[in-house]
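S.K.: Please read through the structure below; I'll follow up with questions.
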Amino acid sequence: MIRKRKLRAVFILIFCLLIFSLSLSFGQQASPSVKNKETQVQKTPEKVVPSPKNIKESTAIYVFIAWIWVSIFILIYIIRLKIKEVDRLYGLKFFSIKKK
């Protein structure tokens with residue numbers, strides 16, 4: 001049993017190292033040795049200002065953010081109710097091994 005666990009751990013370690021080494025070897029980009037004059041000239045990028053185009057998009061953004069926050073608060077409320085119920089069952093020793 002212990003030997004199987006050690007064998008599994010070694011296999012997973014070797015697999016992770018193999019994936020890591022492959023990602024390093026394939027992830028490298030060759031740097032260009034000779035640059036063209038066209039690529040050396042740097043163009044000044046256009047300044048992009050991120051903003052909604054009209055009032056409809058602006059309202060949609062605010063509605064989306066409000067929806068996200070409301071859903072977060074509802075999920076927190078449900079989790080609190082679940083925790084209270086589990087605490088209540090624990091206090092009653094509902095899942096205890098000793099049953100009367």
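The values are calculated or read from the model by the stated rules, or taken from the named source; none is laboratory data. From a predicted model like this one, the values you see are computed outputs, not experimental measurements. Here the Cβ positions follow ideal geometry from the backbone for every residue, glycine too, while neighbour counts run over all protein chains shown.
S.K.: How many residues does the stretch 32-58 contain that are of a type in the set (Lys, Arg) and either in contact with a strand residue (DSSP E or B) (Cβ under 7 Å, 6 or more places away or on another chain) or modelled with pLDDT of 75 or more (or both)?
M.R.: Pass one, the stretch 32-58, residues of a type in the set (Lys, Arg): 35, 37, 43, 47, 53, 56.
Narrowing further to those that are either in contact with a strand residue (DSSP E or B) (Cβ under 7 Å, 6 or more places away or on another chain) or modelled with pLDDT of 75 or more (or both): 47, 53, 56.
So the count comes out to 3.
S.K.: Scanning the stretch 1-31 for residues that are of a type in the set (Ser, Thr, Tyr) and either assigned to a helix (DSSP H, G or I) or under 27 Å from the mean Cα position of the chain (by Cα) (or both), which turns out modelled with the highest pLDDT?
M.R.: Here the answer is Ser21.
S.K.: Tally up the residues in the stretch 80-95 that are over 37 Å from the mean Cα position of the chain (by Cα) and either among the acidic types (Asp, Glu) or surrounded by 10 or more Cβ atoms within 10 Å (Cβ to Cβ) (or both), please.
M.R.: 1
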